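To keep things clear, I will list the structure first and then write my remarks on it.
Here, each number is a calculation from the coordinates, and none is a lab measurement. Everything quoted here is computed from the prediction, not taken from an experiment. Quick reminder, even Gly has a Cβ in these numbers, built from the backbone with ideal geometry, and neighbours come from all protein chains shown.
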Amino acid sequence: MSGTDAAKTTSTDRAGLPDGSVDRHFAAPVVVGRPTAAAGSYDESGTDVGPDAKDTGPAASVAPRSREPRDRRPLTRRRWFVVVGGALLPIALLLVWQLVSTNGLVPVSQLPSPEMVWLAAIDLAQRGLLGQYVAISTQRVLLGFATGAAIGLALGAVVGLSRLGDILLAPTLGAIRAVPSLAWVPLLILWFKIGEESKIILIAIGAFFPVYTIVAAALRHVDRQLLEAGRAFGRHGISLFATVQLPAVVPSVLSALRLALAQSWLFLVAAELIASSMGLGFLLVDSGNNGRIDRIFLAIILLAVLGKLTDAIIGLFERRAILRWA
Amino acid sequence: MTATSVTGRQPTVRSAARADATAAAPVAFRGVGRAFESAGAVRPVLRDLDLDVAAGEILAILGPSGCGKSTLLRIAGGLDRPTSGEVAIDGTPVAPYDRRTGVGFQEPRLLPWRTIAKNVALGLPRGTPRETARTQVARLLELVGLADFAGHRPREVSGGMAQRASLARALARNPGVLLLDEPFGALDALTRLKMQDLLLDVHAAEPTTVLLVTHDVDEALQLADRVILLGAEGDEPGAVIRQTVVVPGRRPRDRGSAELAELRGRLLDGLGIDRHGVARGVETTTTIPHYPY
Ligand SMILES: Nc1ncnc2c1ncn2[C@@H]1O[C@H](COP(=O)(O)OP(=O)(O)OP(=O)(O)O)[C@@H](O)[C@H]1O
Ligand SMILES: [Mg+2]
């Protein structure tokens, strides 16, 4: 239900916008580009000036100035090209998919048409299942990711910063890491039944190790010369950590989090495939058992979209952090 | 041998003088030796070094590459510990990362994520009030000619500029002992002369003991009260003080004076022998090498 609602509101939103604002919405990213602050002030100044001065307002004087340096950048560095370029392949795939399935080259039982997948989505949404599955899966991923990443950061810091911590913890954690993660499943099910805990813990295990490993290694390899400089200028302990070590590892921490998030989705599906009564993983098994290939496609596409979306959010932070700290 | 502080310097540096000026401190090396263990073998680098540096003196340390100049400086700053002997500043043994010292490393070692101004601020004593810190940093940047680059990141400035920022950072804490490891190595001739003058100005305004490692004999003679030449003696490994030269006259010195020319020749000879020309049976160079050697 919520799925269709969302779809409806976005489509009506677009249709309902006055012509001018639609234009501005589409024009702004092309002219001013990603620097969101610039795009924001652009819009604001437009409303400040009022409808009669739309064309001659500050917008007109800003546009050429901001355009000039952009034009010198190579095509591959421009925002719109990156977005369009990234969308090309999915669109092409969709077209090929449509062609192949409508031409009957592959039987529908093997490859449903995009329309069938769309209808399956609407059907599930009307039963109220689509929103629920997406919500529960996302919730599990976020909870598991947050737990695992937090513990990973803490233990990674202990092992990376303290020689003693390294000696005491690293061998054990290394051994636990060596256990193939799916080996935990029977144990978790025995201990926690098929409840939420078992899945969240499995996801947390999946998120923990990339964060722990990368953070510990990054802290261990902070430039010794910079550390020595920090110490020579009176920093030690917490202040040394805040001055040198933490800033030095910020980019690594973010890429570790990104990796951990991807792992979290992986482990989510593993957990839901094996033992669950809802969620996208459950949708996959259930549809497999019932031969609903359209729903299998739907689940896969949803996983791709959700995974990419959450990844993009961290990616945004990562890009900022690299600009700021690297 | 005791430093004679130079008078009549430019007012710009005077304004950099602070009320909290730390008094210059004498440094004493007693039987200092340092050996490094590598690949199972113990290799002595410094051997039984005795040296007294008076408060406010500028001591230049010359020597061939790899002879242990940086090691000596690091020991003086408490960044490294001698394997034998000890170093005392103002009569008390050097503590690890001794706060009485300010270090200008051989490499700029600026924190890449901080602006030049914030990097210089790192050198200020901890707990400096924010407002004071800002004016101090602005002054220091002005002094080393980086006022326009305060907001730049280290990767956005040249090597020489980074080195000047590093010098400013070392000066920031107004240390009793200033340890400078080839602070002007990456500078062009003109900037180098300017920075040498700057160092003398700072020293005149706030007399501090300076241990200055350099490769440049002329620089040593121009800046220092005394020059020591480190190097191996005989077949024994490990550097000792091979020569000590008390530089006559007051700064600023006349670069063309005959007296300095004679000292220059002596020091270059000392360095030249260390180039192993004789030992390897290679013909000794007839021309005096110029910096960089
Ligand atoms: N941490 C270390 N471990 C092992 N050997 C070291 C270490 N630090 C320095 N050495 C050795 O000590 C010797 C002296 O090094 P040092 O850096 O003091 O030379 P230097 O006189 O400053 O040379 P340069 O003029 O090239 O800077 C070198 O042979 C070097 O290999
Ligand atoms: Mg050195």
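List of remarks:
- Of the beta bridges in chain B, as assigned by DSSP with both residues counted there, near 55 percent are antiparallel.
- The angle between the Cα long axis of helix B:189-205 and the longest principal axis of the Cα atoms of chain B comes to about 70 degrees, rounded to the nearest 10.
- Spherically averaged projected area in nm², based on the convex hull that wraps the Cα atoms of the stretch B:190-245: 4.5
- Remark: mean inter-chain Cβ contacts per residue of A:233-242 equal 3, using a 10 Å Cβ-Cβ cutoff to other protein chain atoms.
- Largest first, the extents of the alpha carbon coordinates of the stretch A:140-235 on the three principal axes equal 55, 26, 15 Å.
- The stretch B:160-222 - Rg over Rh from alpha carbon coordinates, Kirkwood radius: 0.92
- Normalised radius of gyration (Cα atoms, divided by 2.2 N^0.38 Å) for the stretch A:276-326: 1.68.
- What the phi angles of the stretch A:318-326 give under the Karplus curve with 6.51, -1.76 and 1.60, with θ = phi - 60°, is a coupling list of 4, 4, 4, 5, 5, 4, 7, 10, 8 Hz, glycine and proline written as x.
- Each residue of the stretch B:62-194 gets 128 Å³ once the volume of the Cα convex hull is shared out per residue.
- P(r), alpha carbons of the stretch A:114-325 - 5 Å bins starting at zero, rounded %: 1, 7, 13, 16, 15, 13, 11, 8, 6, 4, 3, 2, 1, 0
- Net dipole in debye of chain B [+1 Lys, Arg Cβ; -1 Asp, Glu Cβ; about Cα centre; nearest 20]: 1080
- Scaled against 2.2 N^0.38 Å for its residue count N, the alpha carbon radius of gyration of the stretch A:113-189 is 1.76.
- Over 32 Å [Cα-Cα, chain B], rounded percent: 25
- Counts of other chain beta carbons within 10 angstrom of each beta carbon in peptide B:107-114 average 5.
- The amide H of B:PHE36, built 1.01 Å from its N in the peptide plane, has B:ARG43, B:VAL45 as neighbours under 5 Å, considering only residues 5 or more places off or on other chains.
- Residues A:ILE194, A:ILE189 in ascending order of nearby Cβ atoms (within 10 Å, fewest first): A:ILE194, A:ILE189.
- Average silhouette area of the stretch A:239-326, convex hull of alpha-carbon atoms, in square nanometres: 6.9
- The A:ALA312 and B:ASP188 beta-carbon pair, evaluated with R₀ = 45 Å, returns a calculated FRET efficiency of approximately 0.45.
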